[in-house]
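Taken together, the values in this text are just the output of simple stated rules run on the coordinates, not laboratory data. Small disclaimer: the values here were computed from a predicted structure and weren't measured. We place every Cβ from the backbone using ideal geometry, glycine too, and count neighbours over all the protein chains shown.
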Amino acid sequence: MLNPLPAALTIVPPNRPLIGRVSPPGSKSITNRALLLAALAEGTSRLTGALKSKDTTLMAAALRQMGVTIEEPDATSFVVTGSGRLQAPEGPLFLGNAGTATRFLTAAVATVEGEVVVDGDAEMRVRPIGPLVAALQSLGIDASSPTGCPPVTIRGTGSFGAGRVEIDAGLSSQYVSALLMAAPLGTGPIIVALTGKDIGARGYVDLTLAAMRSFGASVEQLDDGSWLVQPTGYRAADLLVEPDASAATYLWGAAALTGGRIDLGVADDAFTQPDAAAQAVIAQFPNMPAVIDGSQMQDAVPTLAVLAAFNSQPVRFVGISNLRVKETDRIRAVANELNRIRPGLATEEGDDLLVASDPSLAGQTLPARIETYHDHRIAMSFALAGLKIESITILDPACTGKTYPAYWEMLAGLGVELLPAD
């Protein structure tokens, strides 16, 4: 495999089924939750099967800035030792474009005694965080974000308060998860309640609750839109992180497109992450349904959209408005790049994405240099198009390091030829 990665990679269609065994990386979503909860716990926790990527490295670095000891004995493990409280860091916490780390820490650092600035890169600085800041303020926490996006300044008093906090989770379920994970450090019970029924990818809140309980939290779901969290703090625990379902979608997609079989070493129904729902849709390829609701499997939508280009019928993706505030505007990015392959292949209709579908694309030579917008999911999903279409080139392939550093090595291991491009 090419190391370091070139500025662009051209995928050579294998013209055969991809068959093999691949172990997906650990779940980013679970790893970043577990790192934070282990850091907030008193004692030493061992996280195995964890993801080592740009996003989790940034989370770990920020926690180290706040006095947490984090050792990395091997490529998939973290050993985290915390005192039960985070300390004020020397300087701002820089979290790149890691949405989970930024949102989760914005709430968690309210438990620090002193001032903390949570910041990110240029892309992160246009991702909304206003609803979370407003929720913190309602708890009496001194938090400010002049632009409604990072940087956020929090002046903590060592506690997360008590009472009821309401949050508009229409833009992101990460706001809810952030409040829930900080709530056990309150001075009394805290009720976290939605201001409406809309919530992006509710399944990720279930991941949060499971992780919290693993580290000793007492949290009760009162109804569809509210949770009661007791001020128990956290206790150290050992946790095995399951493989990443979002990463698995590329493997399921590659197998479906090429008529192959890729053994992930874990049963399809063993995943607890929301994106695992994409497997049932991919299994229907090339006869995926005409309408796909992506609201509860948002990170899988780019994968499904690329597969839809080869589907037997057009596909409309609905419930995906939140994709506009991810690492990039993924609705626009996917539409732009599908149309780069063949004009008219995709259309934005409001916040829906309509993919025209054309099975005859397979086997054609359609030179296209795919712009990835610094977005790992655009790079990985459009690489799948290169399995069936000649002359697909992925720009900035290294951006996959955000969540799947070994992605290109994985494809090469399955026998896909990757050529450096100018």
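Each stretch of four or more DSSP H residues adds -39500 (n - 2.57); spread over every residue of the chain, this sum gives -8500 deg cm²/dmol at 222 nm. Taking 7 Å steps out from each Cα toward its Cβ at Arg316 and Ala75 produces label points 4.5 nm apart.
Ranked for footprinting exposure by Cβ neighbours inside 10 Å, fewest first, Asp375, Asp352 give Asp352, Asp375. Rounded to the nearest Hz, the phi-derived 3J(HN,Hα) couplings of the stretch 285-297 under the Karplus curve 6.51 cos²θ - 1.76 cosθ + 1.60 (θ = phi - 60°) are 4, x, 10, 5, x, 5, 10, 10, 8, x, 4, 9, 9, where x marks glycine and proline.
Straight-distance candidates among the aspartates and glutamates for linking to Lys402, with alpha-carbon spacing under 12 Å and chain neighbours fewer than 8 residues away dropped: Asp55, Glu327, Asp375. Relative contact order of the chain, taken over Cα pairs closer than 8 Å and 6 or more residues apart, is 20 percent.
If you sort the three axes of the alpha carbon gyration tensor as a ≥ b ≥ c, you get a/c of 1.5 or more for the stretch 115-172 and a/b no higher than b/c, which makes it oblate.
For the stretch 90-97, putting each phi into the Karplus relation 6.51 cos²θ - 1.76 cosθ + 1.60 with θ = phi - 60° gives couplings of 5, x, x, 8, 9, 10, x, 10 Hz, in residue order, rounded to whole numbers and with x for Gly and Pro. What angle do you read, to the nearest 10 degrees and between 0 and 90, between the alpha-carbon axis of helix 245-258 and the longest principal axis of the chain? It is inclined by approximately 10 degrees. Computed from label points 7 Å out along Cα-Cβ, the spacing between Glu113 and Gln230 is 2.7 nm.
Comparing Pro25, Pro151, Pro14 in a Gaussian network model of the chain (Cα springs below 10 Å), the most mobile by mean-square fluctuation is Pro14.
At q = 0.07, 0.09, 0.10, 0.14 Å⁻¹ the log10 of I(q)/I(0) for the chain amounts to -0.32, -0.54, -0.66, -1.23, computed by Debye summation with a single uniform scatterer per C-alpha, solvent ignored. Positive contributions from Lys and Arg (+1) and negative ones from Asp and Glu (-1), summed over other residues with Cβ under 11 Å from the Cβ of Arg155, come out at -3. Close amide H pairs (under 5 Å, H built 1.01 Å from N) link Ile129 with Cys149, residues at least 5 positions away or on another chain. For the stretch 269-420, averaging the sequence separation of C-alpha pairs within contact (under 8 Å, six or more residues apart) and dividing by the residue count gives a relative contact order of 19 percent.
Sequentially through the stretch 403-413, phi angles give Karplus couplings (6.51, -1.76, 1.60; θ = phi - 60°) of 9, 9, x, 9, 4, 5, 4, 4, 4, 4, x Hz, Gly and Pro residues having no value and appearing as x. Annotation: amide H-H contacts under 5 Å for Ile394 (H modelled 1.01 Å from N, sequence separation of 5 or more, or interchain): Leu9, Thr10, Ile11, Ile370.
Ranked by how many other Cβ atoms sit within 10 Å of their own Cβ, fewest first, the residues Phe271, Phe78 fall in the order Phe271, Phe78. Across the stretch 28-240, the relative contact order, built from alpha-carbon pairs under 8 Å that are at least six residues apart, equals 21 percent. Exposure proxy for Lys402, Lys197: other Cβ atoms within 10 Å of each Cβ, ordered fewest to most, give Lys197, Lys402.
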